[in-house]
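To keep things clear, I will list the structure first and then write my remarks on it.
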Amino acid sequence: MDFVRGEIFHIDKPYGWTSFAVVGKLRYHISRRIGIKKIKVGHAGTLDPLASGVLVVCTGKATKRIEELQAGVKEYIAEIKLGATTPSFDLETEVDALYPWEHITREQVENVLRERFTGSIEQVPPSYSACKINGKRAYKMARNGAEVELKAKTLVVNEIEILEFEGQRLVVRVVCGKGTYIRALARDIGVALGSGAHLTGLRRTQVGEVRVENCLTVDDAVNMICTADVVMPERAES
């Protein structure tokens with residue numbers, strides 16, 4: 001393996017880990033293995049701590065491909081709770097409002113998903129997101145109690161389908177392009193159904209051609225870094 005010229009790891013990010021923590025873990029072991037303190041390591045497409053699944057991690061010169069890699073179509077399995085909202089649109093924050101949900105039928109959900117959430121759509125990112133406002137991260141402002149106003153963005157949802165629907169629980173498969181916030185999608189689906197909603201579970205199952213079942217665990221990646229044949233920096237091509 002040549003970490004300076006560039007390697008790409010496909011990681012199944014664990015629930016509860018930040019994407020940055022995964023990058024930091026791999027960078028630490030790569031640095032120790034090749035004996036240099038500074039090595040470029042980055043990820044293509046952030047996953048929230050409360051989400052799991054495919055995270056593409058690049059090293060060295062492969063970090064130049066990050067923009068290309070994160071532009072690939074992504075697939076998610078999202079679990080949504082109807083009838084309640086949270087400020088973060090997921091389980092990071094407590095429920096702040098309850099809404100009627102008993103009127104919602106499967107047919108209504110299918111119609112709403114097909115008519116309003118397929119193709120090119122407008123979406124306002126969550127306040128609890130990494131979007132920047134005057135150079136500051138929105139989530140940091142939101143957590144400090146500041147009012148956060150973000151502009152709607154145009155994005156593409158290629159496919160969205162119901163996998164499960166019972167009571168307040170809705171599970172959907174979403175295939176979408178870059179920049180889609182599934183938490184915001186959950187919020188907007190709730191509004192479109194005349195209720196409220198928030199995300200209770202999220203797993204990214206595909207990025208581009210990479211499926212989650214073919215990904216490494218963090219421990220597998222660390223073991224590979226520590227045991228594989230590597231090109232040391234002084235022998236790596238510039």
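Each value in this text was obtained by applying a stated rule to the coordinates, not by laboratory testing. Everything numeric here is computed off the predicted structure, so don't read it as measured data. Here the Cβ positions follow ideal geometry from the backbone for every residue, glycine too, while neighbour counts run over all protein chains shown.
Amide H contacts under 5 Å for Leu50: Gly16, restricted to partners 5 or more places along the chain or on a different chain, H placed in the peptide plane at 1.01 Å from N.
Placing R0 at 35 angstrom, the Cβ-Cβ distance between Asn111 and Asn214 gives a FRET efficiency of 0.50 after rounding to 0.05.
Computed on region 47-128, with alpha-carbon pairs under 8 angstrom and 6+ residues apart, the relative contact order is 21 percent.
Note that region 52-68 has calculated 3J(HN,Hα) couplings of 10, x, 4, 10, 8, 10, 10, 10, x, 5, 5, 5, 5, 9, 4, 4, 5 Hz, one per residue in order, obtained from phi through the Karplus relation 6.51 cos²θ - 1.76 cosθ + 1.60 (θ = phi - 60°); glycine and proline are x. Measuring between alpha carbons in the structure, the pairs from Lys37/Lys64; Lys38/Lys153; Lys13/Lys151 lying more than 31 angstrom apart are Lys38/Lys153.
Loop-located GluC sites (Glu not before Pro) across region 34-107 with a Cβ neighbour count of 13 or fewer within 10 Å are Glu94, Glu102, with loop assigned by DSSP.
Look at Arg204, Arg169 and count the other Cβ atoms within 10 Å of each Cβ; fewest to most, that gives Arg169, Arg204. Region 88-117 and region 16-87 have Cα centres lying 28 Å from one another. The ellipsoid equivalent to the alpha-carbon distribution of the chain has semi-axes of 37, 19, 16 angstrom, derived from the gyration tensor eigenvalues as √(5λ) and listed largest first. Using bins of 5 Å that start at zero, the share of Cα-Cα pairs per bin across region 169-238 amounts to 3, 12, 15, 14, 12, 11, 10, 8, 6, 5, 3, 1, 0, in whole %. The helix-only estimate of mean residue ellipticity at 222 nm for the chain, built from DSSP H runs of length n ≥ 4 each weighted as -39500 (n - 2.57), is -7000 deg cm²/dmol after division by the residue total. Ranking Ile121, Gly42, Tyr99 by how far each Cα lies toward the positive end of the dipole of the chain (charges on Cβ) leaves Gly42 at the top. Each Cα pair under 8 Å and six or more residues apart adds its separation to the average, and for the chain the resulting relative contact order is 30 percent.
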